[in-house]
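Before we start, here is the structure in question, set down as C-alpha cells.
Rule-based calculations on the coordinates, nothing more; no lab input. Keep in mind that what you see is a predicted model, and the values were worked out from it rather than measured. Counting neighbours? That spans all protein chains shown, and the Cβs are built from the backbone with ideal geometry, glycine included.
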Amino acid sequence: MKICVFGAASPEIDKEYFEKVQAFGEEMVKRGHSLVFGGGGNGLMGAAAQGVQMQGGYIEGVIPSFFEDEEIEAVFPFCDEVIETKTMRERKQIMEDRSDAFVIVPGGIGTFEEFFEIMTLRQLCRHNKPIVLYNVKGYYNELNAMMKAAVEKGFVRSACDALYKTTDDLDELFEFIEAPQPENLLVKDLKDG
C-alpha cells in the first residue's frame, strides 16, 4: 500500500513529534508499505521519510519546483522518485492519485488544508481511501472538538465521523488503514445540498 503523509515542514517543533513520526515511518516499511509525501527534507515530512529510508522503504516525493527555486525547502535527499510540479494544486493531485491511504501527522496551515481537501473529496465520494489523523501529543484534539461542534450545530452530518479516524496508537492507525473501507455510502448520506 502507498501511504500519503501530510504534515509539518517546520523543523522548529518539539522533538517528540519527530520521534513519533519517524517511528511511524519505520513501522510503515515493516508492514510492507511505501511513502508518498510532499518531498521535503524538513519537519515531520522529513521525519516520516527518514523513518522509511532507515528501514529501506520506497519513497516518492512530490514537490513544486518553486520550493527549490525560491529556497523554501530542499528535497529529501533519499527519495527513490521525485516528481516536480508547477503548482501546489498539481502536487496534491499527484499525491492523491498515487496513494491508497492518507495519514495526517501534526502540521500547520498547509496540513489543515490538505486534510480538509481530502476529507471533502471523500465526503463527495470521489475516493474511498482511509484517512487518519495521527494525534501525537493530542495535537488534533481541538480540531476534533471543532468537527464535533460542526456536527452538533448541523453543519456536518454525523455520518462523516466514519470517514476518518483519530488516534495516537500506531497499531490502531495501521489496523484502520489496512481494513476494507465501507463501500455503501452515498453523497446524500454525507452532505446536504
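Round to the nearest 10 and give me the degree value, 0 to 90, for the angle of helix 109-123's Cα axis relative to the longest principal axis of the chain.
Tilt of helix 109-123: around 50 degrees.
Given the DSSP H assignment, sum -39500 (n - 2.57) over each helix run of at least 4 residues in the chain and divide by its residue total; what's the result at 222 nm in deg cm²/dmol, nearest 500?
-13000 deg cm²/dmol
Provide the percentage of antiparallel DSSP beta bridges, counting only those with both residues in the stretch 1-114; round to the nearest 5.
On the way: 1 of 17 bridges.
Just about 5 percent of them are antiparallel.
So how far apart, in nm, are the two label points at GLU16 and ARG31 if each is 7 Å from Cα heading toward Cβ?
The modelled label-to-label distance comes out at 2.2 nm.
Here's another thing I want to ask about it. Please sort 170-177, 17-24 by packing, taking for each peptide the average over its residues of neighbouring beta carbons within 10 angstrom, highest first.
17-24, 170-177
Work out how much length VAL82 to GLU68 would gain on full extension: take 0.36 nm times their residue separation and subtract the Cα-Cα distance, in nm to one decimal. All intermediate terms of the calculation are to be shown ahead of the outcome.
Numbers: separation 14, 0.36 × 14 = 5.04 nm, distance 1.26 nm.
Result: 3.8 nm gained on full extension.
Can you tell me the order of 44-57, 27-40, 73-86 when each peptide is scored by its average per-residue count of other Cβ atoms within 10 angstrom, highest first?
44-57, 27-40, 73-86
Which aspartates and glutamates, on any chain, are close to LYS165 with Cα under 19 Å apart, when same-chain ones fewer than 8 places away are left out?
Leaving aside aspartates and glutamates fewer than 8 places away in the same chain, those within reach of LYS165 are GLU27, GLU96, ASP100, GLU113, GLU114, GLU117, GLU142, GLU152, GLU175, GLU178, GLU183, ASP189.
In whole Å, how far is the Cα centre of the stretch 48-70 from that of the stretch 1-25?
12 Å
Which entry in (i) 0.93; (ii) 0.96; (iii) 1.17 matches Rg/Rh (Cα atoms, Kirkwood Rh) derived from the coordinates of this structure?
For Rg/Rh (Cα atoms, Kirkwood Rh), the calculated option is (ii).
How high is the relative contact order of the chain, given as a whole-number percent (alpha carbon pairs under 8 Å, six or more residues apart)? Don't jump to the answer; show the numbers that get you there.
Working: 357 pairs, mean separation 38.7, N = 193.
For the chain, the relative contact order is 20 percent.
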